[in-house]
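Single-structure report; data block below.
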Amino acid sequence: MKKSNYIVPVLLAAVLLSSCHRDELNPQSQIQVSNLTAFTTVGRIQSQVLGLYGGLKAGGFYGGRYEIAGDVKADNFIDELNNLITDADVWAGNPTNSATGVVNLWSAAYLCINNCNVFIDGMNAGGTKTVGAALGANYIAEAKLIRGLSYFSLMQFYALPYAAGGTNKGLPLRLKGVTGPGSSNLARSPVDSVYAQIIQDLNDAEAALPASYPAANGLAAAYYNSTRATSSTAVALKTRVYLAMQQWNNVITEANKIVSANAPFTSPGGVTYSLQADIVKAFTAPYKTSENIFSLPMSSTTGDNPGTQNQLGFYFSPAKAVVTGGTGNGEFSLNPNGVIADPNWKATDRRRFFVVTSNTGGKKWLNKYPAPSPYTDYPPVMRYSEVLLNLAEARARSTNSVDAQAVALLSAVRSRSDATTTYTPASFANAATLEAAIMQERNIEFLGEGLRNFDLTRLQLQIPAKGSAPAKNATDVGYIWPISATELSLNTLCTDN
């Protein structure tokens, strides 16, 4: 296994770019040819497994554009270049069905989903016999985790939040691989049905994934345990999904599997997770710390990085002409009225290290992803600090009290970066003030990691105004995105938002 040269699965080299791009399928395509042999050798199957991660880490998806949209759609960034190709309309809250961000994210996510579906179908049809039952179950579980994460990610932009009602329109729920024409039309399943499938995929993944991976091919176990799905990865992702569903007790149940009862908080089994003493290490090569539950490896090899105008550093990091040492294009600066204006986020907080200032004018930028072109920072999908704050929020909301463990979890995240602050139950007048503190901690901790839009919309909160972009309430046009124009043109049963 090479370090990070994940390749697209052999049988999907010519697969559709949307969930149902029938016009792009060639009757003599590589799909149909390679299906004959794709699952007949262990090596080919292993390459396809790694290719599933390749689809997830595509620049149009978790390689960059998903996280970027999740932040610039919210309130902490200001658009500097007004470029529609790089999400100016997403920032402004007015993307159309044919907007670059809307069409490309839908396409990238459904391509990833179809990769998983075709792989699962192939394994069930004969691939498992090739590799053996245990390894076959492992591989299918990886595919299900990636599929579940992909559907969950789409739901955060193209559907109303779970709290708005489970019968609202969700997504076309495709669970069988598309390898030929005639599969375009499929209506959108309800929100609750899509979430049920996401949870089912993650439950199946948890049951069949290994607790950890050993060192192999000259790479440390920590590399595989942070870039490939384990059973704990599935558990961690479930805490996020149940948070979106506001099923607080389920968040607690899942988080307790990988969070100790008392500080210092660590995972009791499988991969050993804990907070890094210095958060900067979680964003510094080689990106395989005890905090990095799931990250996507990048390298300078062509095709193994996000590609042009997709990279986190390209969007958020300033240009070198603006800030000495800058490595990005400066697409979005930090909103001076956003989270960086919080007086309780102290100048001595280690997370302020990621905030840099223009050489002149005082404008602020996020430099969390400082690697220069071709931008090989590993995009973080899930960190242990998120699990701790997911659990803290769930405990506070489920008990409607100043819950002692919730306070301890919050304090652990804050004090690791700000040693001058320690929270106790006496720090909070009531449950509401504790919940607000947890939400603001998330806002600081995950700045530039794509979670801000999720945190606002799952609670049906207003997306605040920023710069020239107006506020968006939960019932406003633009609070969620329209459905991709490409999907609507090909799928006559799919309706728009």
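The values are calculated or read from the model by the stated rules, or taken from the named source; none is laboratory data. Fair warning: this is a prediction, and the values are worked out from it, not measured in the lab. Neighbour counts run over all protein chains shown; Cβ positions are idealised from the backbone, glycine included. In case anyone asks, the SASA skips ligands and DNA or RNA and just uses the protein heavy atoms, side chains included. Shrake-Rupley method; radii C 1.70, N 1.55, O 1.52, S 1.80 Å.
Brief remarks on what is shown
- Amide H to amide H, with H built 1.01 Å from N, Ser333 comes under 5 Å of Ile78, Glu80, counting only residues 5 or more places away or on other chains.
- Annotation: amide H-H contacts under 5 Å for Val323 (H modelled 1.01 Å from N, sequence separation of 5 or more, or interchain): Asn359.
- Cross-link pairs beyond the 23 Å C-alpha cut-off, checked among Lys238/Lys364; Lys281/Lys363; Lys320/Lys364: Lys238/Lys364; Lys281/Lys363
- Taking amide H as placed 1.01 Å from N in the peptide plane, the amide H of Gly170 sits under 5 Å from that of Ser189, Val191, each at least 5 places away or on another chain.
- Inter-part distance, region 306-366 to region 117-147, computed on C-alpha centroids, equals 42 Å.
- Extension reserve of the Thr422-Ala485 stretch, reckoned as 0.36 nm per residue once the Cα distance is removed: 17.7 nm
- Share of carbon and sulfur in the accessible area of the chain stands at 54%, probe radius 1.4 Å.
- Converting phi to 3J(HN,Hα) with the Karplus coefficients 6.51, -1.76 and 1.60 and the offset θ = phi - 60°, region 241-251 yields 5, 5, 5, 4, 8, 6, 9, 4, 5, 6, 4 Hz in sequence order, with x at every glycine or proline.
- FRET efficiency for the pair Ala221 and Ala341, taken as 1/(1 + (r/R0)^6) with r the Cβ-Cβ distance and R0 = 41 Å, rounds to 0.45.
- Candidate lysines for bridging to Lys129, where Cα separation is under 22 Å - those fewer than 8 sequence places away on the same chain excluded: Lys144, Lys176
- Whole-Hz ³J(HN,Hα) from phi, Karplus 6.51 cos²θ - 1.76 cosθ + 1.60, for region 97-110, glycine and proline x: 4, 9, 4, 3, x, 5, 5, 6, 5, 4, 5, 5, 5, 6
- With protein chains left intact and a 1.4 Å probe, residues in the chain average 35 Å² of accessible area per residue.
- Cα centroid of region 251-279 to Cα centroid of region 431-495, whole Å: 28
- Candidate cross-link partners of Lys288 among the lysines, defined by an alpha-carbon separation under 20 Å and a same-chain spacing of 8 or more, comprise Lys2, Lys3, Lys57, Lys368.
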